[in-house]
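A.B. asks: For reference, the structure I am asking about is given below.
The values are calculated or read from the model by the stated rules, or taken from the named source; none is laboratory data. A quick note: this is a predicted structure, and the numbers were derived from the prediction, not measured. Cβ sites come from the backbone with ideal geometry, for glycine too, and all protein chains shown count toward neighbours. Note: areas computed on protein heavy atoms with side chains; ligands, DNA, RNA excluded. Shrake-Rupley method; radii C 1.70, N 1.55, O 1.52, S 1.80 Å.
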Amino acid sequence: MSTYTAPLKDMQFAIAEFAGLEGVAALPGCGEVSAELVEAVLTEAGRFAQGVLDPLNRSGDKQGAQWRDGAVTAPDGFADAYRQFTAAGWNGLAASTDYGGQGLPHCIALPLQEMWNSANMAFCLCPMLTTGVQEALTHHGSRVLLDTYMPKLVSGEWTGTMNLTEPQAGSDLSAVRTRAVPEGGHYRIQGTKIFITWGEHDMAENIVHLVLARLPDAPEGVKGISMFVVPKFLVNTDGGRGARNDIRCVSIEHKLGIHGSPTCVLAYGDQGGATGYLVGEPNRGLEYMFTMMNHARLGVGMEGVAIAERACQHALEYAKTRVQGRAIGQKSGDRVTIIHHPDVRRMLMTMRAQIEAMRALGYLAAGELDRAKRHPDAQVRARHQSRLDLLTPVVKGWCTELAVEIASLGVQIHGGMGFVEETGAAQYLRDARITTIYEGTTGIQANDLIGRKVGAEQGATAFALIAEMRALDAPLAAAGAPLAPARASFLQAVDGLEAATRWLVDHYRAEPEAAAAVAVPYLKLFGTVAGGWLMARAALIARERRDIPGADRAFLDAKLATACFYLEHLLPQADGLSRTVTGGAASTLALDPSAF
């Protein structure tokens, strides 16, 4: 089995160049942020990921979470690792200092999530959701709720979950039936929630559930949903843990992957009603939940980057040690390790180039999030929020779809041994598969992209970003012959994205079904071209700096080569995706449902 090593140099490069560390450091509350701080935090986090979390990944997958009589036990070693995780302060890295957090920007916190997920995705899901609960309560919770729950959520003494869907609802939250009946200063919650990640466990002394439910007089549909805090244990007036609430874990799911993470079915109110507390105003619960969900969608996108990175590292180690066949063109002599075979190198380059593009896009979004939250100018904040809103479904959808492909390539590099569980390659493919479903499937992300993010504003933010992409043409032209093939591919891809965006803007309102039919190809197109734009920027930076005295020549040469591979081998896929968007809707809808 391979050992995870955090790709610190590429992370630091992406934070500096794509998240825009220098600009983030100038924002209010970020005065202590510097490249030196980033290096120190990432280095220490990398040690924790490698030394504590990674060794538990394989054993956690084999053992899995265990359910017995309503109690859920995490795999061996997880609880101790969680205690170390919270004791080191990792849980509250980006949380407000008002509640014991460190207040660091997201462009530092999100890369750490990548590390945790690479080392042990099943474990990381627990603190990731806790962070999401912190985010939702910070924006929408009352002072009483904040004072009661935030300090221990930030410290990690308590963990958090989001409770959305139900057996009859799936992704259609308008069908939610869980009821909330007012009783004095609280509510009685009754209903069943499914797919609740880390909804019950033994790693923390309390679990704070954010639950969507309906008040007795609520209107039908999504406009009648409210959000409630429903803790596993009630909280005493002194802030300590009180009586057990009326919540019961009736089962955990037997899943394809992430076996170490319990996915729970929770029953609320079997003994008369679980005690819950309204968050914000009635009937605005779905709006509030999207605060948490959008934060989680970025996190899931980074899960895609993370599991792809881990699958790539695992495949690379195998390729460097597996001896099979002679080098191409040699009929005699010693056999070589398979990394010498061109097709294996093609697969490794494909994995590496896609991961670097995915990471760049995720960190770019993290920088937008920091600016949207912290910039002192309201108009500037709004502009960055629009950019973040546009990028979020792309990061989530594109990065997770590629993660499945990359993990599958990892199995392929192992050959027949990749299909054997003992080599470990299959786990990354199994674990990656859920990421395209978490927090809304790729289709849901794509519909959000073409609807709320492109169609609703006539493509304004998308076209502004495309114009920014086009501005890279002049530097690419000035770079001359070495980047000429990359420049041609890049310009064609940007043209294709602009044409596809224009088609969607023109057809979204008049032919919504046609637009939805090509939404996923459009999302993949956007990710592919945005990734190409960032890799082209990386190529220019590497080419400019590689000859500077003291430069890390080996890293910059590798960055340049990887970027050129992306631009020459992967970015041309954009042309086909663009053609699919502008001309493929009719054939998608050609068959009546009854003809299938």
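A.B. asks: Kindly provide the set of residues from the stretch 475-484 that are surrounded by fewer than 19 Cβ atoms within 10 Å (Cβ to Cβ) and either of a type in the set (A, V, I, L, M, F, W, C) or touching a Gly at 6+ places or on another chain (Cβ under 7 Å) (or both), ordered by number. Show your work before the answer.
C.D. replies: We begin by selecting, within the stretch 475-484, every residue surrounded by fewer than 19 Cβ atoms within 10 Å (Cβ to Cβ); these are 475, 477-482, 484.
Those that are surrounded by fewer than 19 Cβ atoms within 10 Å (Cβ to Cβ) and either of a type in the set (A, V, I, L, M, F, W, C) or touching a Gly at 6+ places or on another chain (Cβ under 7 Å) (or both): Ala477, Ala478, Ala479, Ala481, Ala484.
Results for (1) modelled with pLDDT of 95 or more; (2) crowded, with 20+ Cβ neighbours inside 10 Å; (3) in a loop (DSSP other than H, G, I, E, B); (4) not small (Gly, Ala, Ser), shown as yes or no for each residue.
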site: Arg177; (1), (2), (3), (4): no, no, yes, yes
site: Tyr187; (1), (2), (3), (4): yes, yes, no, yes
site: Gly199; (1), (2), (3), (4): yes, yes, yes, no
site: Asp202; (1), (2), (3), (4): yes, no, yes, yes
site: Val208; (1), (2), (3), (4): yes, yes, no, yes
site: Pro219; (1), (2), (3), (4): no, no, yes, yes
site: Lys223; (1), (2), (3), (4): no, no, no, yes
site: Val250; (1), (2), (3), (4): yes, no, no, yes
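A.B. asks: Which residue, of Lys62, Lys9, is of a type in the set (Lys, Arg), in contact (Cβ under 8 Å) with a residue 60 or more places away in the chain and in contact with a helix residue (DSSP H, G or I) (Cβ under 6 Å, 6 or more places away or on another chain)?
C.D. replies: On the way: Lys62 fails: in contact with a helix residue (DSSP H, G or I) (Cβ under 6 Å, 6 or more places away or on another chain).
Residue meeting the stated conditions: Lys9.
A.B. asks: Shifting gears a bit: Quick one: which residue in Arg502, Arg487 is among the basic types (Lys, Arg), over 24 Å from Ala586 (Cα atoms), part of a helix (DSSP H, G or I) and open to solvent by 10 Å² or more (accessible area, probe 1.4 Å)?
C.D. replies: On the way: Arg502 fails: over 24 Å from Ala586 (Cα atoms).
Matching residue, one of Arg502, Arg487: Arg487.
A.B. asks: Ala87 is checked against (1) among the aliphatic types (A, V, I, L, M); (2) buried (at least 20 other Cβ atoms within 10 Å of the Cβ); (3) modelled with pLDDT of 95 or more and fails just one. What number does that condition carry?
C.D. replies: So the condition that Ala87 fails would be (2).
A.B. asks: Among (1) on the phi > 0 side of the Ramachandran plot; (2) open to solvent by less than 50 Å² (accessible area, probe 1.4 Å), there is one condition Leu525 misses while meeting the rest; what is its number?
C.D. replies: Status for Leu525: all satisfied but (1).
A.B. asks: So, one more: Test Ala372 against the criterion of being touching a Leu at 6+ places or on another chain (Cβ under 6 Å) and open to solvent by less than 10 Å² (accessible area, probe 1.4 Å), and give yes or no. Step through it out loud before you land on a result.
C.D. replies: Numbers: touching a Leu at 6+ places or on another chain (Cβ under 6 Å): yes; open to solvent by less than 10 Å² (accessible area, probe 1.4 Å): no.
The answer is no for Ala372.
A.B. asks: Among (1) out of contact with any Lys or Arg (no Cβ under 6 Å at 6 or more places or on another chain); (2) over 30 Å from Ala585 (Cα atoms), where does Lys524 come up short?
C.D. replies: Every listed condition holds for Lys524 apart from (2).
A.B. asks: Just checking, does the stretch 91-112 include any residue being under 21 Å from Arg374 (Cα atoms), open to solvent by 60 Å² or more (accessible area, probe 1.4 Å) and β-branched (Val, Ile, Thr)?
C.D. replies: Within the stretch 91-112, one or more residues are under 21 Å from Arg374 (Cα atoms), open to solvent by 60 Å² or more (accessible area, probe 1.4 Å) and β-branched (Val, Ile, Thr).
A.B. asks: Can you tell me which residue among Ala558, Ala590, Ala542, Ala551 is within 24 Å of Ala16 (Cβ to Cβ), outside any helix (DSSP H, G or I) and either modelled with pLDDT of 95 or more or among the acidic types (Asp, Glu) (or both)?
C.D. replies: On the way: Ala558 fails: outside any helix (DSSP H, G or I); Ala590 fails: within 24 Å of Ala16 (Cβ to Cβ); Ala542 fails: outside any helix (DSSP H, G or I).
Result of the check over Ala558, Ala590, Ala542, Ala551: Ala551.
A.B. asks: Would you be able to say whether some residue in the stretch 145-158 is free of Cβ contacts under 8 Å to residues at least 60 places away in the same chain and buried (at least 24 other Cβ atoms within 10 Å of the Cβ)?
C.D. replies: Checked against the condition, which is being free of Cβ contacts under 8 Å to residues at least 60 places away in the same chain and buried (at least 24 other Cβ atoms within 10 Å of the Cβ), the stretch 145-158 yields at least one hit.
A.B. asks: Restricting the stretch 34-84 to residues that are aliphatic (A, V, I, L, M) and surrounded by fewer than 18 Cβ atoms within 10 Å (Cβ to Cβ), which is farthest from Glu205 (Cα to Cα)? Explain how you work it out, then say what you get.
C.D. replies: First, pick out the residues of the stretch 34-84 that are aliphatic (A, V, I, L, M): 35, 37-38, 40-42, 45, 49, 52-53, 56, 65, 71-72, 74, 79, 81.
Okay, now just the ones that are also surrounded by fewer than 18 Cβ atoms within 10 Å (Cβ to Cβ), so 35, 37, 40, 71, 79.
Details: Ala35: 37, Leu37: 32, Ala40: 31, Ala71: 13, Ala79: 11 Å.
Going through the qualifying residues, I end up with Ala35.
A.B. asks: Here is a follow-up. Which residues, counting only those in the stretch 320-365, are basic (Lys, Arg) and either open to solvent by 20 Å² or more (accessible area, probe 1.4 Å) or in contact with a Ser or Thr (Cβ under 9 Å, 6 or more places away or on another chain) (or both)?
C.D. replies: First pass over the stretch 320-365, keeping only residues basic (Lys, Arg): 320, 322, 326, 331, 335, 345-346, 352, 359.
Residues satisfying the conditions are Lys320, Arg322, Arg326, Lys331, Arg335, Arg345, Arg346, Arg352.
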